[in-house]
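Peer 1: Encoded as structure tokens, here's the structure I'll be asking about.
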Amino acid sequence: MKDIDKWKETVNSDNLSDDEKMVLDAMGLNGSSRRKFLKQVSAASLSIYASSFFTSEIFASTMKDLPENTTALLNEIKVNLRVNDMVKPLTLDSRTSLLDALRERLALTGTKKGCDHGQCGACTVIIDGKRNLSCLTLAATCEGKEITTVEGLAQNGKMHPMQEAFVKHDGFQCGYCTPGQICSSVALLEEAKNGEASYVTEDFKNIQSGLTLSEEEIRERLSGNICRCGAYNNIVQAFKEVHSGDDEMPTWEFATQEQMDKAKNA
């Protein structure tokens with residue numbers, strides 16, 4: 001029976017839930033006026049008053065119960081994704097982002113969908129040792145690449161040192177951005193070892209490996225990961241401890257006019 005038919009049958013029998021009756025009573029609808037109203041409710045409104053009746057299999061199933069082989073794909077492609085040292089063959093729409101493949105097909109929901117436009121960094125994962133925004137990365141382009149999500153950082157039941165530092169220094173509040181922050185920080189450790197430059201590197205001609213990043217460098221290099229709670233100081237402190245063993249509390253102060261002018265003209 002279709003969802004709309006179930007709804008009509010329920011309306012005719014006046015077999016509504018207590019919550020639905022309470023809402024309709026609050027609207028001043030009862031008896032025949034209630035039935036008349038319910039019969040005229042639009043399909044869009046059904047999601048408000050009859051959400052419990054919408055039991056489409058795809059919405060009711062858990063991640064692990066989703067079908068391996070989708071029956072209808074317009075641009076079908078087969079991809080072998082190597083994620084956290086495991087290889088998973090998937091049949092995907094060629095336009096599927098890595099973020100959606102991780103969350104919807106592999107149930108790796110640690111990687112968060114924030115803006116879905118590459119602006120917040122919540123979806124950051126590590127691909128071949130480099131941090132990447134999974135929402136802007138097509139899953140089809142990751143064939144043969146090594147992907148690490150936040151779930152793959154712990155080894156043998158022991159957290160990665162960066163994860164431990166985030167816990168120790170309370171580098172999170174609501175925690176939504178934390179997986180992306182941690183993945184970005186872990187990849188940044190390697191960037192520092194390799195001597196990779198950043199926007200605030202003073203001398204691009206003399207870059208050495210094994211960099212000890214300044215607080216300014218850390219803030220700049222992690223600026224692509226937004227924390228709406230504002231736990232930036234604690235995040236910097238966590239990174240510094242793992243990176244250099246420095247557990248001194250990061251400094252924070254308002255920018256001077258000179259710094260503002262410099263930033264404006266950069």
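The values are calculated or read from the model by the stated rules, or taken from the named source; none is laboratory data. Remember, it's a predicted structure, so these values are computed and weren't measured experimentally. Cβ atoms come from the backbone with ideal geometry, glycine included; neighbour counts cover every protein chain shown. Heavy atoms of the whole protein, side chains included, go into the accessibility calculation; ligands, DNA and RNA do not. Shrake-Rupley method; radii C 1.70, N 1.55, O 1.52, S 1.80 Å.
Peer 1: Which entries of 130/264; 88/130; 112/264; 130/262; 168/264 show an alpha-carbon separation above 25 angstrom in the structure shown?
Peer 2: 130/264; 112/264; 130/262; 168/264
Peer 1: Right, something else. What are the ³J(HN,Hα) couplings of segment 151-167, residue after residue, when phi is run through the Karplus curve with 6.51, -1.76, 1.60 and θ = phi - 60°? Round to Hz, x for glycine and proline.
Peer 2: In residue order, the calculated couplings are 5, x, 7, 6, 10, 6, x, 10, 5, 5, x, 5, 5, 4, 5, 4, 5 Hz.
Peer 1: Based on the Cβ-Cβ distance from residue 107 to residue 78, what FRET efficiency comes out when R0 is 22 Å, to the nearest 0.05?
Peer 2: Using R0 = 22 Å, I get an efficiency of 0.70.
Peer 1: Could you give me the ³J(HN,Hα) list for segment 74-87, computed from phi with Karplus coefficients 6.51, -1.76, 1.60 and θ = phi - 60°, whole Hz, x at Gly and Pro?
Peer 2: 6, 10, 5, 8, 9, 9, 9, 9, 9, 10, 6, 6, 10, 9
Peer 1: Could you give log10 I(q)/I(0) at q = 0.15, 0.20, 0.27 Å⁻¹ for segment 161-244, computed by the Debye formula over C-alpha point scatterers of equal weight, without solvent?
Peer 2: Debye output, listed in q order: -0.50, -0.84, -1.41.
Peer 1: Roughly speaking, to the nearest percent, how much of segment 76-152's 1.4 Å accessible area is carbon and sulfur?
Peer 2: On the way: 1750 of 3460 Å².
That fraction is 51 percent.
Peer 1: Per residue, how much accessible surface does segment 129-266 expose to a 1.4 Å probe? Answer in Å², no decimals.
Peer 2: For segment 129-266, the per-residue accessible area is 59 Å².
Peer 1: Shifting gears a bit: For segment 161-244, with all protein chains present and a 1.4 Å probe, just round the carbon and sulfur fraction of the accessible area to a whole percent.
Peer 2: Answer for segment 161-244: carbon and sulfur cover 49 percent of the accessible area.
Peer 1: Please list 203, 93, 18 from largest to smallest accessible area, probe radius 1.4 Å, with all protein chains kept in place.
Peer 2: Listed by decreasing accessible area, they come as 18, 203, 93.
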